[in-house]
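What follows is a set of notes on a single structure, which appears directly below.
The values are calculated or read from the model by the stated rules, or taken from the named source; none is laboratory data. Given the structure is predicted, the values throughout are model-derived calculations rather than measurements. Quick reminder, even Gly has a Cβ in these numbers, built from the backbone with ideal geometry, and neighbours come from all protein chains shown.
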Amino acid sequence: MKDTDFLAPKYKRLFAYLIDVAIFAIPITIIYNIGLGGVLPQLITIVSYWLYFAIMESSKNQGTVGKLILKIKVVDQQGEAITFGKATLRHLGRILSMLTFLIGFIIIFVTIQQLIKPKTLLFCKAA
């Protein structure tokens, strides 16, 4: 049995992420619309987004609200919950992919079985 046999389907991971983004859309829209100017809304957004993913993925639930709804868990190589540090690194990887015009997401989404072994990517996976 291959490591990729335990990966959640790509469409489920995408929908889980979209659910999480939708959860953030409402409070972030409110923060930006109440008239807070300058850097504060951006800082609140960045920190809350990081903490949401890192805390939820390293918790006993092993996933964000979107992942829980779609029954996806983030695990390490042994199938255990990942640490807060690994969850933070996962989030930083997500940000890096966004900063490079989503190229990291595209590569993973299109060619994960051929290109990337899940355990080599920060030693954790969404299963």
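Structural remarks
- Here is the figure for the stretch 26-70: residues that are outside any helix (DSSP H, G or I), among the basic types (Lys, Arg) and under 11 Å from the mean Cα position of the chain (by Cα) total 0.
- Residues that are at pLDDT 70 or above and part of a loop (DSSP other than H, G, I, E, B) do occur in the stretch 100-110, at least one of them.
- Residue 64, sole failed condition from (1) modelled with pLDDT under 90; (2) in contact with a Phe, Trp or Tyr (Cβ under 7 Å, 6 or more places away or on another chain); (3) among the β-branched types (Val, Ile, Thr): (1)
- Residue selected from the stretch 68-97 under the condition among the β-branched types (Val, Ile, Thr) and surrounded by fewer than 16 Cβ atoms within 10 Å (Cβ to Cβ), by the criterion farthest from residue 19 (Cα to Cα): 83
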